[in-house]
Amino acid sequence: MQQTGKQNVIIYGLGNTIKDAFDYIKMRFSVIGCSDSNIEKKDTAQELRVLFVRPDELCDSEFDYILITSIYDDEIYNQLIENRNIPKEKVLRRQQWCRMIFQRSFGMMNQNKTFYVLSRPIHIRDGLFSFLFSFLEQLDFIDKKGYIPVIDMQNYRNQYLEEDKIGIENAWEYYFNPVSEYRLEDVYKSANVILGYDDPCYKTEYEKKYNIARMSELYQRYIKYRPDVYSVVQREYVKLIDTSRKTLGILYRGSDMSALKLKNHPVQPTIDEMIYLTHKYMEEWHCERIFLSTEDGRAADRMKAEFGAMLSCTNQRRFKDTGTEWLADIRFQRQDDKYLRGLEYLVTIELLSKCDCFLAGICAGSVCAQIMNNGKYQHMRMVDKGEY
């Protein structure tokens with residue numbers, strides 16, 4: 001759904017993520033109020049400088065839409081329709097309004113061109129390859145329409161951008177070349193600008209929903225490493241991948257992905273399941289070496305103990321006890337930690353994409369490794385266990 005004018009909306013749900021979502025919503029809609037079943041949340045409304053509307057007053061308010069901000073939106077949706085008598089066509093679930101695109105004019109420059117801004121202002125804790133997957137999905141639409149893509153990881157928080165660099169540096173360009181020749185600051189002075197959507201995208205049974213071959217084509221055309229990043233990738237590849245022996249690449253996603261069990265996210269295999277499957281496919285696919293990618297320190301220790309010298313992995317910093325914290329909220333005590341975590345992640349996924357065979361649970365990193373591999377894996381198994 002593409003919108004041109006700003007429509008009047010009331011935001012419903014003032015939980016922990018609203019402050020990150022608010023700027024995204026405000027840039028696309030005219031926010032005339034906000035509401036929450038917890039009346040004490042009116043203090044949050046005051047912080048946002050928006051009128052608080054009590055839930056029992058919603059049916060008497062004039063608006064185009066109510067935007068539900070919570071991912072746990074089934075109960076809220078039903079309450080608004082059944083208990084508050086709101087017409088269902090006026091209630092947008094989070095996944096609906098997150099996937100809307102908007103056309104805006106920011107100035108008079110480039111009047112004969114249409115730009116499409118790729119950004120992820122809501123899902124600020126998502127990793128680099130969740131960003132990449134979302135961008136590749138939208139690049140298909142951009143490419144077919146003849147729009148000019150520009151990536152904005154500068155004007156919004158993300159886990160690779162230091163707080164004092166917001167609005168100053170584009171975190172995308174820490175790792176990749178720009179996807180077009182136009183500068184972000186000029187795009188935001190231009191007459192025809194489409195603001196893309198922010199949706200995590202990848203799901204179970206993802207190959208039924210997405211054209212992976214097309215995404216591989218777009219990756220090859222648009223996504224290029226910075227020269228210094230490419231040098232790091234090549235150095236690690238020479239050190240860790242033995243091209244004379246058949247290598248099984250394994251991605252194990254544990255830590256916060258397994259602990260938080262976020263709604264609509266793919267269920268990950270346990271480390272015991274991965275060890276069993278590794279033995280199984282090492283034999284069936286006649287592999288001699290293993291390259292392991294994981295952020296989970298305990299899982300890495302288990303795999304090293306099980307497979308010994310046949311296993312290699314990078315020296316990236318790993319997590320051993322994340323509790324209920326997101327990885328994005330945990331810091332290592334080292335200089336340039338945010339940048340280095342992105343670089344370490346990128347290197348491991350690139351090396352996975354160069355392996356002969358591939359075994360993984362479904363996550364952004366594993367799907368992007370498949371995209372980057374461009375159909376060259378001799379064998380591949382994505383472990384699909386459904387969604388939380």
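Could you work out the relative contact order of region 2-97? I mean the mean sequence separation of Cα pairs under 8 Å and 6+ apart, divided by the number of residues, in percent. Intermediate values should be presented prior to the final figure.
Details: 133 pairs, mean separation 28.2, N = 96.
After rounding, I find 29 percent.
If you average the sequence gap of Cα pairs under 8 Å that are 6 or more apart and divide by the length of region 91-237, what percent do you get for the contact order?
Working: 205 pairs, mean separation 54.9, N = 147.
Once divided by the residue count of region 91-237, the mean separation gives 37 percent.
Using a Förster distance of 25 angstrom, determine the FRET efficiency expected from the C-beta separation of residue 61 and residue 105, and round it to 0.05. Could you put the intermediate results ahead of the total?
Numbers: r = 29 Å, r/R0 = 1.16.
Here the calculated transfer efficiency is 0.30.
Please report the antiparallel percentage of DSSP beta bridges with both residues in the chain, rounded to the nearest 5. The partial results should precede the final answer.
Numbers: 5 of 45 bridges.
Here the share of antiparallel DSSP bridges comes out near 10 percent.
Which angle between 0 and 90 degrees, to the nearest 10, do you get for helix 271-284 versus the longest principal axis of the chain when only C-alpha atoms count?
So the inclination is approximately 50 degrees.
For residue 72 and residue 264, calculate 0.36 nm times their separation in residues minus their Cα-Cα distance, and state this gained length in nm to one decimal. The partial results should precede the final answer.
Numbers: separation 192, 0.36 × 192 = 69.12 nm, distance 0.96 nm.
Full-extension gain reported as 68.2 nm.
Just how far, in whole angstrom, is region 178-242 from region 80-133 if you go by their alpha carbon centroids?
First find each Cα centre; the distance between them is then 19 Å.
So how tilted is helix 364-373 from the main axis of the chain? Cα-based, degrees 0 to 90, rounded to 10.
In the chain, helix 364-373 runs at an angle near 60 degrees to the longest axis.
Given labels modelled 7 Å from the Cα in the Cβ direction, how far is it in nm from residue 89 to residue 230?
Placing both labels 7 Å beyond Cα along the Cβ direction yields 5.3 nm.
How do 363, 34 rank when sorted from fewest to most other Cβ atoms within 10 Å of their own Cβ? It would help to have the intermediate numbers written out before the result.
On the way: 363 22, 34 26.
Fewest-to-most Cβ neighbours within 10 Å comes out as 363, 34.
Determine the relative contact order of the chain: mean sequence separation of Cα pairs under 8 Å and six or more apart, normalised by residue count, in whole percent.
Numbers: 663 pairs, mean separation 62.7, N = 388.
Value for the chain: 16 percent.
Where a number appears in this text, it was derived from the coordinates with a stated rule and is not lab data. Given the structure is predicted, the values throughout are model-derived calculations rather than measurements. Cβ: placed from backbone, ideal geometry, glycine included. Neighbour counts: every protein chain shown.
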